[in-house]
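The values are calculated or read from the model by the stated rules, or taken from the named source; none is laboratory data. Everything numeric in this text was worked out from a predicted model, so none of it was measured. Virtual Cβ from ideal backbone geometry, glycine too; neighbours counted across all protein chains shown. Surface areas here come from the heavy atoms of the whole protein model, side chains and all, with no ligands, DNA or RNA. Shrake-Rupley method; radii C 1.70, N 1.55, O 1.52, S 1.80 Å.
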Amino acid sequence: MTDPDERVPEESVRDAVERSRSGAPAVGHVVRDRFSSDEVFQRIVAAADEEITSGARELFFSALAGGFAITITFMLYVSMKTSTGGDPVLSALLYPIGFIYIIIGGYQLYTENTLPPVALTLERLASVPALLRNWIVVLAGNFTGGALGAAALAFGSVLSPEAGVVAAGIAQEGVDTAWWSLFSKAAFAGLIVAGVVWVEYAARDTISRLAVVYLAFLAIPLGGLYHSVVSFTEMIYLVLLGDLAIGVGLADFVLPVLLGNTIGGVVLVTIVNYFQTTEQRLESARFEGAERQLSLPEWVLGGLAGRSYVPLLDTADAPPVVDGDPYRIVVPVQNPRTETQLVEVACLLASQRDDAVVNPVHIVQVPDRSRGYGSTQRRRIVAESEALMEDMREIAADYGVECESSTVISRRSFEELFEIARRKQADLALLQWGDDRLWGAARTDRSLSDLTSQLPCDFLVLKNHGFDASRILLPTEEGANCELSAEVARTLRDAVGSELTLLHVVADATERESGERFLAEWADDHGIGDATRIVDDTGDVERAIAREARDNSLLLLGATERGLLSRLVHDSLNLSVVDEVDCSVLLAERSRPRSLRERLFGRR
């Protein structure tokens, strides 16, 4: 007989194998070839986590492909209706093909997309704005793909003349249907589609999914129901023929179908299925379940009230909001082994304050859809991260600065920076420059404030060539970012006795006197009146900075005040100078509200 103690490791190994890499169950717990409602929900949440954290471009083009695939459904339905003389059953036999292509192929479809993100939102792991953003991007992609498909059918001679007449008749029939009838029929279609998603995640093989998808979507034409993306494609086809005004088609046809699909999918299926699950529904879908849910304000307002998404893992709680909070410097790092100097710079800045706290945050990004991390891997990552960040804690101790380190596992890259800064109520965030950084996904010739509506705190970005603050060059101009540069320069001067050199560039020699006057006043106003002052009258800002940087060990540069549209037609000052100089560069950007006009055209 087998010793019971010898069976324990075997069972543990089997349990580990039978978990997907996202942590969701790969087989049922009670009956191995069937999932309980909790286990189905866990699988849906794992999939929703992929969708809610996908970039807008990825979502849009996946939805674009899905929308264009809907054209296949419309084309085949029209062709079969024409060739079978309008037989209601035979005409519908190939209707589900486009949906099979989308769901089995993993493309985004608005109605199929209602269930997974809503499940995540109901658990308060994603905010309502994050859900709406997901829906809007997918819907835009679906409609764009559907419109392109309709144009191909209308002008590409794909349909025979007889089929073209049938296609116009099908679309016109939808337009002529009463608003409330469209809404009701679309609600039942939404129920069917969202139900398909639930059953699809309960299936374990492609054949089962294929059968479920085919039979469910066959019910739409047989029941005379309406699907929003198919209806949009039909409407655009009629518009392109010149038989319908697009405003009328949207208001009288597409809108009621869209609302019906949404309410049918969300209310009749998602919420019902959610409430049939138990408190154990997230037991394995996310690390330690839903212990770190969004607060109610965050859930309703998303990033405006803090954060819009709960990472797979965050080992630190948000600090309580109390009077007299410490000055908090957050340092997101990708590799704790190689970015210790970043923490040294943060500690150097913090050492000049009595109440400063440095927060090194190790961001571990789950690479892609096919390689998520389960609970066991996450625990191992946390243990390794804590060990790696011990050096950073020792650096802070040497500077006499309080240190609170943490680890975040997330599928997002630079977007997580803003969430971390908001959640920790940071006053300053210090990043390392580099295209190989997680936040290198953002274009480096854009200011950070173009990546979000408003920066949650001040940001410093260091391009490190062996940090040395003994001789600092500070180019000056009017603006909040340059003021932040002055504050940092003053702090470094007080910490290590830096020699400061101020540079101001004017258009020509006739402006030298006014430039000298500006520089003297600016230096006094910012508490660095003892700094060396240089006025350059060549009018070439970039060349002047590059020339003076040769004699200095650190270039401290305020982010450009140009607006987004200006940067589209001009090279970014910051990017070109950063690439030219050999010394370390510290780029500063201040958090401040900006109007839409400023975001587009910059400050005047």
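Structure summary
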item: Among the residues listed as Leu388, Leu430, Leu438, the single one being modelled with pLDDT of 75 or more and either under 15 Å from the mean Cα position of the chain (by Cα) or under 25 Å from Ala559 (Cα atoms) (or both); result: Leu430
item: Residue among Glu162, Glu112 that alone is surrounded by fewer than 20 Cβ atoms within 10 Å (Cβ to Cβ) and either at pLDDT 90 or above or touching a helix residue (DSSP H, G or I) at 6+ places or on another chain (Cβ under 7 Å) (or both); result: Glu162
item: Evaluation of Ser370 against (1) within 19 Å of Val488 (Cβ to Cβ); (2) of a type in the set (Ser, Thr, Tyr); (3) modelled with pLDDT under 90 (one fails), failing number; result: (1)
item: Scope the range 491-524; condition of a type outside the set (Gly, Ala, Ser) and out of contact with any strand residue (DSSP E or B) (no Cβ under 8 Å at 6 or more places or on another chain); matching residues; result: Thr491, Asp494, Val496, Asp508, Thr510, Glu511, Glu513, Arg517, Glu521, Asp524
item: Condition check for Val248: open to solvent by 60 Å² or more (accessible area, probe 1.4 Å), part of a helix (DSSP H, G or I) and closer than 25 Å to Val165 by Cα; result: yes
item: Failed condition for Ser83, given (1) closer than 16 Å to Ala56 by Cα; (2) surrounded by fewer than 17 Cβ atoms within 10 Å (Cβ to Cβ); result: (1)
item: Condition broken by Gly86, with the remaining ones in (1) within 18 Å of Gly145 (Cα to Cα); (2) of a type outside the set (Asp, Glu); (3) part of a loop (DSSP other than H, G, I, E, B) satisfied; result: (1)
item: Residue among Tyr101, Tyr95, Tyr107 that is open to solvent by less than 40 Å² (accessible area, probe 1.4 Å) and aromatic (Phe, Trp, Tyr); result: Tyr95
item: Any chance Ala69 is open to solvent by less than 20 Å² (accessible area, probe 1.4 Å), more than 16 Å from Trp135 (Cβ to Cβ) and modelled with pLDDT under 75; result: no
item: Filter result for the condition that a residue is in contact with a Leu (Cβ under 8 Å, 6 or more places away or on another chain), open to solvent by less than 50 Å² (accessible area, probe 1.4 Å), of a type in the set (A, V, I, L, M) and touching a residue at least 40 places away in the same chain (Cβ under 8 Å), over Ala168, Ala147, Ala152; result: Ala168
item: Hits in the range 220-240 (condition: more than 32 Å from the chain's Cα centre (by Cα) and either among the hydroxyl-bearing types (Ser, Thr, Tyr) or surrounded by fewer than 16 Cβ atoms within 10 Å (Cβ to Cβ) (or both)); result: Leu222, Gly223, Gly224, Tyr237
item: Residue check, Thr111 assigned to a loop (DSSP other than H, G, I, E, B) and closer than 23 Å to Phe60 by Cα; result: yes
